[in-house]
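Contents: one structure, followed by commentary.
The values are calculated or read from the model by the stated rules, or taken from the named source; none is laboratory data. Predicted model only: the values in this text are computed from it and were never measured. Note that each Cβ is placed from the backbone with ideal geometry, even for glycine, and that neighbours are counted across all protein chains shown. For the accessible areas, the whole protein counts, side chains as well, though only heavy atoms, and no ligand, DNA or RNA atoms are used. Shrake-Rupley method; radii C 1.70, N 1.55, O 1.52, S 1.80 Å.
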Amino acid sequence: MKNYFLLVFVVLFMSSCKNNLHSQKKNNLYQNIVKAFIDYRNSEKEISKKENILIIGANTSENDKNSYWLDIWFVNPKLLQDFEYSKVYEIEGYKLIINESLNKSDILKHSFKETKYENFNLATELINYDSKNWYIVLNSKNEVIRISPQQKSKEIKEILLKKGIKFSQELDDN
């Protein structure tokens, strides 16, 4: 009987370790994608940590079965209005908020270090602006299957590969 309980304990312990390892890999995946985005944008022009924040969101992909997408961009809070978020995170010295209006954004919440809450909805009127973002679609195995902007996809893929991000065979290298 003692051996039976020991066996059950070992099985439960191993299962818990496996789930924890899988969770850590997903957290590192999102951190590495955001870090790659920061590196990429700063290679073009240094983005001010005091004047800009990062926004990330995740949602179910309607075009690709069993997949979801991430959208990442920098924004100046003076342009942000009525944005849904409840916590502020920090990565590489940048403040980061998660778009809570999207249905998969909960997967991102444990990936980043939480910091003191700040109100970043500083725009007094809605301003339309164009931002340089990355739109990345991942399959159920957390492998990248599509990258946008398309004209920069090869360059972005190289950066993500250096960060250890996995790519699916489905990704079209056009």
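Tell me, please, whether a residue that is over 19 Å from GLN31 (Cβ atoms), hydrophobic (A, V, I, L, M, F, W, C), modelled with pLDDT of 90 or more and open to solvent by less than 80 Å² (accessible area, probe 1.4 Å) can be found in the stretch 87-109.
Scanning the stretch 87-109 turns up no residue that is over 19 Å from GLN31 (Cβ atoms), hydrophobic (A, V, I, L, M, F, W, C), modelled with pLDDT of 90 or more and open to solvent by less than 80 Å² (accessible area, probe 1.4 Å).
Look at ILE38 and say whether it is in a strand (DSSP E or B) and surrounded by 17 or more Cβ atoms within 10 Å (Cβ to Cβ).
no
Of the residues VAL137, VAL75, VAL88, only one is without any contact (Cβ under 8 Å) to a residue 40 or more places away in the chain and β-branched (Val, Ile, Thr); which?
Answer to the selection: VAL88.
Could we say that GLU84 is modelled with pLDDT of 95 or more, open to solvent by 10 Å² or more (accessible area, probe 1.4 Å) and of a type in the set (Asp, Glu) here?
No; evaluated as a whole, the condition is false for this residue.
Kindly provide the set of residues from the stretch 66-77 that are more than 14 Å from the chain's Cα centre (by Cα) and over 18 Å from ILE107 (Cα atoms), ordered by number.
VAL75, ASN76, PRO77
For TYR117, are the conditions met, namely being hydroxyl-bearing (Ser, Thr, Tyr) and surrounded by 12 or more Cβ atoms within 10 Å (Cβ to Cβ)?
So TYR117 does not fit the description; no.
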